[in-house]
């Protein structure tokens, strides 16, 4: 029975057919665990995975490439993609904890979700009308780590891929979904494999004749500045941040800059931001799945003036009162889910109470 722990494909078969399992957790000295409907489940009926087993499993995930394994031992962590024999794609993070190997594998959908499947029709229509028709500017998708921000962006990029004769460039770490070019040309670049760094990839992007650019994540001031520059030079740019609301996102963006530059950054954002979509997940009422809750802010005249006056704390009020302009707050979105009896009131209250917005 212990032989199963020597084969990553056998372990993946344990979760492959359960659509409610999002993440697999493998840790030396622990039993197999996975995230089911947002909660960790430990398979204590199965044997534990020992250190020598984890070394074998990680080498299998690295396709038995000794250079990749040696680099992991030096770096102490690695992000990469893995495609199982059943063609299921996984986003993998390997790391050391108390000197022992740990692996987390996130299942990736083999086909892009449609916006209408992810969110209410009126919000998907608003994104199609106000974001995907924009010839340039910056659109940010925000939320906690690994809460499917890239799923939303892939859905948007696939619409452009199908409908527009664009050149789409993605800069990812790692590549999760491989696009099949349709009306668009699509170039996907993975950090570490196709380019040395985000900065190197972004710097060369303007020489690659793009219309649309997806920068996987804004991690530092250099990336924040580069993303703004790309939007200002006439491109539609998508990127992500680990923030929980439009207000928090603006404040987080400002935090990348010294205080004496922040007014000018707000001026630039007022001119080049198309909108911010924040998302989180809430368990459905039957406990069988998790569903998205969204906030959508669009750069209306009111938002633009708000940014230029640095009255960011008033932005939530603008969102709440601009539903006719295609915006929605998380409170309003959650109310729609409650009216349809999809989620519980206590989960909504917990969600909204967790959305305190830090200030710069």
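Figures for the structure shown
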read-out	value
Selection status of residue 233, in the same structural domain as residue 340 (by TED's automatic domain parsing), over 19 Å from the mean Cα position of the chain (by Cα) and within 15 Å of residue 137 (Cβ to Cβ)	yes
Residue count for segment 1-43, restricted to those that are surrounded by fewer than 16 Cβ atoms within 10 Å (Cβ to Cβ), over 29 Å from residue 284 (Cβ atoms) and either at pLDDT 85 or above or under 24 Å from the mean Cα position of the chain (by Cα) (or both)	4
For residue 89: the one exception among (1) surrounded by 14 or more Cβ atoms within 10 Å (Cβ to Cβ); (2) modelled with pLDDT of 95 or more	(2)
Residue in segment 340-351 that is part of a helix (DSSP H, G or I) and farther than 30 Å from residue 35 by Cβ present	no
The one condition in (1) in a helix (DSSP H, G or I); (2) free of Cβ contacts under 8 Å to residues at least 12 places away in the same chain that residue 332 fails to fulfil	(2)
Residues located in segment 273-329, provided they are at pLDDT 95 or above and in a loop (DSSP other than H, G, I, E, B)	299, 300, 321, 322, 326, 327, 329
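So that you can scan it fast, the table gives a plain yes or no per residue for (1) more than 14 Å from the chain's Cα centre (by Cα); (2) surrounded by fewer than 15 Cβ atoms within 10 Å (Cβ to Cβ):
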position	(1), (2)
110	yes, yes
113	no, no
119	yes, no
123	yes, no
131	yes, no
149	no, no
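The values are calculated or read from the model by the stated rules, or taken from the named source; none is laboratory data. Remember, predicted model here, so these are calculated numbers, not experimental data. Counting neighbours? That spans all protein chains shown, and the Cβs are built from the backbone with ideal geometry, glycine included.
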